[in-house]
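Engineer: Dumping the structure here so I can ask a few things about it.
No lab work stands behind these numbers, since they all come straight from the coordinates. These figures come from a predicted structure and were not determined experimentally. Virtual Cβ from ideal backbone geometry, glycine too; neighbours counted across all protein chains shown.
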Amino acid sequence: MSDYLPNMVLIENPLKTPSDLSPPIQVHLKCPSSTRFKYYFRIVGSCNGLLCLTDDCFGYTNTIILWNPSFHRSLTLPVPRVTSESTSPFTCVHGFGLDLIKNDFKVVRISYLESENGFKVPPQVEIYALGDRSWRDFDGVVPRFGMVNYFWSQAYLNGKKVYWVSYKLIDAVTRGFFVLFFDLGNEVFGEIELPLSLVHQFPRNMLTAVVGESLSVLQYDSPIYSKSCTVWVMKEYGVVGSWGKR
């Protein structure tokens with residue numbers, strides 16, 4: 001369900017739509033670096049042939065790599081400001097995509113610092129722009145949202161935004177789930193409501209995806225070793241009533 005990349009990988013082209021039954025293309029590729037435990041990289045996302053990899057499947061190493069497998073070129077990003085060595089224990093999630101306004105690839109890093117009752121909100125946000133070759137603190141408004149440390153999956157859609165399943169507290173014990181997005185060009189956060197039947201679902205079972213050209217949420221029957229999932233597709237972008245099962 002989540003995307004991981006071993007040191008020697010087999011990449012298959014994803015189905016553009018559920019009805020696309022063409023045979024997948026399979027290619028063996030060698031990863032540009034070894035991971036901490038010599039097992040897997042996490043695939044944060046891909047865009048225009050460029051992949052963003054992190055070595056955080058079995059603990060944080062601060063290793064983030066941009067890799068173009070077609071040209072056998074890679075770039076290891078500098079260490080972000082917020083790390084387990086520089087701050088209190090923390091957890092983080094990443095996003096990756098292309099800023100069409102500046103025609104520049106960006107990595108978004110959202111970090112939650114530990115507190116006595118869990119993690120502090122709002123989180124700290126850093127942005128890496130490939131053109132600048134450096135990290136900078138995000139100086140815009142960061143909403144008070146949380147994420148569940150399981151899939152850390154993202155979706156990149158329409159050359160503009162990255163999306164994650166997120167939540168906010170409705171009361172002391174109730175969480176309401178929604179789709180959080182970050183606009184890479186305008187550098188602002190926003191949110192999209194989920195269908196009512198998903199608002200209070202178990203969060204580890206859901207992740208964002210792109211089906212065809214539409215924003216989607218995959219709802220699995222269990223978080224581990226799931227055999228099936230329900231695909232929710234937003235048929236008309238931004239219209240909550242257009243969510244439907246596929």
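Engineer: Give a quick list of GluC sites (Glu not before Pro) in the range 110-166 that DSSP marks as loop, anything other than H, G, I, E or B, with at most 16 other Cβ atoms within 10 Å.
Structural biologist: Details: sites: E114, E116, E126; in loops: E116.
Passing both the DSSP loop test and the Cβ count: E116.
Engineer: Something else now. Taking 0.36 nm per residue of sequence separation and subtracting the Cα-Cα distance, how much length would be gained by fully extending the chain between T61 and R133, in nm to one decimal?
Structural biologist: Working: separation 72, 0.36 × 72 = 25.92 nm, distance 1.92 nm.
So the chain would gain 24.0 nm between T61 and R133.
Engineer: What FRET efficiency do you get for T83 and V121 if R0 is 22 Å and r is their Cβ-Cβ distance, rounded to the nearest 0.05?
Structural biologist: Working: r = 19 Å, r/R0 = 0.88.
Computed FRET efficiency for T83 and V121 comes out at 0.70.
Engineer: Students often get this wrong, so check it: of K120/K245; K30/K235; K160/K235, which have C-alpha atoms separated by over 26 Å?
Structural biologist: Working: K120/K245 35 Å; K30/K235 37 Å; K160/K235 18 Å.
As for pairs spanning more than 26 Å Cα to Cα, those are K120/K245; K30/K235.
Engineer: Which residues does a label at T76 reach in the range 99-133, if reach means a backbone N under 16 Å from a point 7 Å past the Cα toward the Cβ?
Structural biologist: Counting backbone N atoms under 16 Å from the label point, the list is empty.
Engineer: Please give the net charge around F181, taking every other residue with its beta carbon less than 13 angstrom from that of F181, where Lys and Arg add +1 and Asp and Glu add -1. Working shown, then result.
Structural biologist: Details: positive: K160, K161; negative: D183, E187, E191, E193.
It works out to a net charge of -2.
Engineer: Let me ask another. How far apart, in nm, are two points set 7 Å out from the Cα along the Cα-to-Cβ line at R175 and at V199?
Structural biologist: My value for the distance between the label points is 1.7 nm.
Engineer: Taking H as built 1.01 Å from N, whose amide H comes closer than 5 Å to the amide H of W243, not counting residues under 5 places away?
Structural biologist: K235
Engineer: Does the range 110-246 come out rounded, prolate or oblate by the C-alpha gyration tensor, with a ≥ b ≥ c the root eigenvalues, rounded set by a/c under 1.5 and, if not, prolate when a/b is larger than b/c and oblate if not?
Structural biologist: Working: a/c = 1.73, a/b = 1.22, b/c = 1.42.
Oblate, because a/c is 1.5 or more while a/b does not exceed b/c.
Engineer: Continuing with this model, one more query. Once both labels are modelled 7 Å past Cα along the beta-carbon direction, what's the E114-Y237 spacing in nm?
Structural biologist: Calculated label separation equals 4.0 nm.
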